[in-house]
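Beneath this line is the structure, given in structure tokens, with notes to follow.
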Amino acid sequence: MKSIEKLMKQTVLLVLMFIAGTAAAQILEPVTWSFSHEKIADNQYELRFTANIDQGWNIYGTDLPAGGPIPTSIDINEGSGFRKVGNLRYPKPAEKFDPNFNMQLSMFSGSVTFRQTVEVTSDSPVRISGEVGFMSCDDSSCLPPDYMDFAFELPGKTVAATVPSGAEAEVLTVLETEEPEGEESTTEAIEESIIETATPLAETPGRQKGWFWGTFITGLLGGLLALLTPCVFPMIPLTVSFFLRNAGNRPRAIRDALFYGFTIIFAYVVIGLAISMIFGANALNALATSPGFNLFFFALLVFFAASFFGAFELTMPSKWSTALDSKADEKGGLIGVVLMGLTFVLVSFSCTGPIVGTLLVEAATSGDVLSPAIGMLGFSLALAIPFSLFAVFPTALKSLPKSGGWMNAVKVVLGFIVLAFALKFLGTADAVAQWGILDREVFLVLWIAIFFLLGLYLIGKIKFAHDSDLKYLSVPRLMLAIAVFAFVFYLVPGLWGAPLRAVSSFLPSPTTQDFDLSRGVTSGAASPAATSTIYVGESVKEGPHGLLAFNDFEEGMAAARKAGKPVFLDFTGLGCTNCRKMEANVWSDPQVQDMLRNDFVKISLYVDERTSLPEAEQFVSTALGRERNIRTVGQKWSVFQAERYGINTQPYYLILDHEENLLAPAYGYDTSIPKYIEFLETGKNNFYR
């Protein structure tokens, strides 16, 4: 009777789980791609990559900041018989706040077509192949990165014929050829073609709607800081003496002031454009995650910080500024005003140089080709507007405070801030290269030391060679010192695992934390999971809260059979924000941690891991109703999840027995701790029945 009763209970449980699983599990494929090509001139073809995106979903732009989702990429394999003409072209993406990553990101929705022109150079037919990479998200979840192979078969080159040139040729081509099914209307194609031909700026990859207000405002703030530095104040008497000549001629004063400000702006924007032209959009995007470049920028910012501390002065050759100043006096007219603006840039360089360098570093690593120029526009406006106003009213400059020791204090404070900011680039290089030299504790200790020393400097306990004696503590200096010490006290609990949400975007991942008070163990401490013989294998890694997990399914299942414990299967992702929220808000609960550590063998499969599979293990999958070449570890686990469990979203949690049968209904993104505990207890109890 008992065996019959047990069999009936198991049957009912399996039926309920099947119903729940059928209702919850689904393969989501919100993005479908189509590929077509069109001849646009002799031997030239336009390759079209069209993404049709379901309502409510989106894919991302081609250039994204570090720490965000996977950008959309179209990689054409290198080969003979053809060459690419120009850059990849596409409509301007929308810029929106993405709650999945807590970032402002460029993204596409609806339908979007990417276009690449190629020229056939071979007499024989040519095959052009490659891969489209993309990541799709809605407002609450993201699918793992996906990849689609494509191939175009193009005929060999023909004898060139005379065709119209410029925008007319492309418009005529659109009018005279049939549109592939699913493409834009003829009018839309003509308009887009004209824009793409006549407006090169519209073709710039990664140009975002909104003109990079974040970069502009950052540059503006940098310019306002530069106004307080001691190298800018020497320009006050120069400006007074030069523009007093216009004291009785207001129209001429306004004209000269405008040219003076425009020259300052022009000089700095040219610096930003030069950076863009030297590196280019693709190189700037690569800087965001390149360990080598991030290390270079780290060293550069440390160099600038040393300059602010007074170790050395960054100055232009004095003969340059003297020559420009004398020429400005000689010319007197508009040429003299322009030369005066250039004199301003050179004279103030010893202080503005480090700030300009820091801003250019941050703008360059944003990965967008226009960011350095936009940052310099904001910086130069902050400098130019006040001095242009002073040029109109030169006598007002005489009432400004004299430069002195307080200005050197501003430089030193900026030095501490730049030094702290430099660690962000070192942290990025360490995370990408996985050196393990700058974990979360080390980063926090360095920040605590830097800002504690800054607080001591502000209250006069330490001083540098060029500092004046601090006779008394002014109210602004006291308030700033209080804010700095408060920030230090805020950082200290982070050494024991506090989330520090206000600065979390600057800090290394919490998974690098060696000691977490919430779990009470260090990475080297003996915990039940760490000392158990079941956690032995090449794929065992320490995850959030010190929970050990297998990153290989078969190895984890073998360990579970040996230990006689159920399996906790975790489908997750390195870039899965909701996974991190579950780990921070649910796994941090002591009861949840205790159960995950002691009652289960944990397997975590990362669906976006880009490690290449050995060639012998690569295969072709048809999990989503189409052939897909599986080349990476992440693709393998993504396909495994889709084929085995009929779903491809993360986070996705399962509890299995040793025959891989479900012991409880699957659990997705839900931060309710009581529900999660009930899920774990259900799986555990059903395993031991």
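Every number here is computed from the coordinates shown, using simple stated rules; none is lab data. The structure presented is a predicted model; accordingly, all values stated were derived computationally and were not measured. Positions of Cβ are backbone-derived with ideal geometry, glycine not excepted, and every protein chain shown enters the neighbour counts.
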Quick one: what are the phi-derived ³J(HN,Hα) couplings along the range 410-420, Karplus 6.51/-1.76/1.60 with θ = phi - 60°, whole Hz, x for glycine and proline? 4, 4, 5, 4, 4, x, 4, 5, 5, 5, 5
Find the Rg to Rh ratio for the range 439-512, where Rh is the Kirkwood radius over alpha-carbon pairs and Rg uses the same atoms. 1.08
Within the set Lys96/Lys581; Lys39/Lys84; Lys602/Lys636; Lys541/Lys581; Lys636/Lys684; Lys541/Lys562, which residue pairs have Cα atoms separated by over 24 Å? Lys636/Lys684
On full extension of the chain, what length is gained from Ser474 through Ala584, given 0.36 nm per residue of separation minus the C-alpha to C-alpha distance? 35.4 nm
Using 0.36 nm times the number of residues separating Gln104 and Tyr490, minus their current alpha carbon distance, what extension gain do you get? 136.3 nm
Rounded to the nearest 0.05, what FRET efficiency do Thr611 and Ser129 have when you use their Cβ-Cβ distance and R0 = 25 Å? 0.60
Roughly speaking, what is the stretch gain from Asp670 to Asn598, that is 0.36 nm per residue apart minus the C-alpha to C-alpha distance, in nm to one decimal? 23.7 nm
For the range 442-449, in order, what is each residue's ³J(HN,Hα) by Karplus, 6.51 cos²θ - 1.76 cosθ + 1.60 with θ = phi - 60°, in whole Hz (x at glycine and Pro)? 4, 4, 5, 4, 5, 5, 4, 5
Taking the Cβ-Cβ separation of Val270 and Gln618 as r and a Förster radius of 41 Å, what is the calculated FRET efficiency to the nearest 0.05? 0.25
I'd like the Karplus ³J(HN,Hα) series for the range 669-676: coefficients 6.51, -1.76, 1.60, θ = phi - 60°, whole numbers in Hz, and an x wherever there's a Gly or Pro. 7, 7, 8, 6, 5, x, 5, 5
Return the FRET efficiency for the residue pair Glu678, Glu627: r is the Cβ-Cβ distance, R0 is 56 Å, and the value is rounded to the nearest 0.05. 0.85
Other-chain or far-sequence residues with amide H under 5 Å of Gln513's (modelled H): Arg440
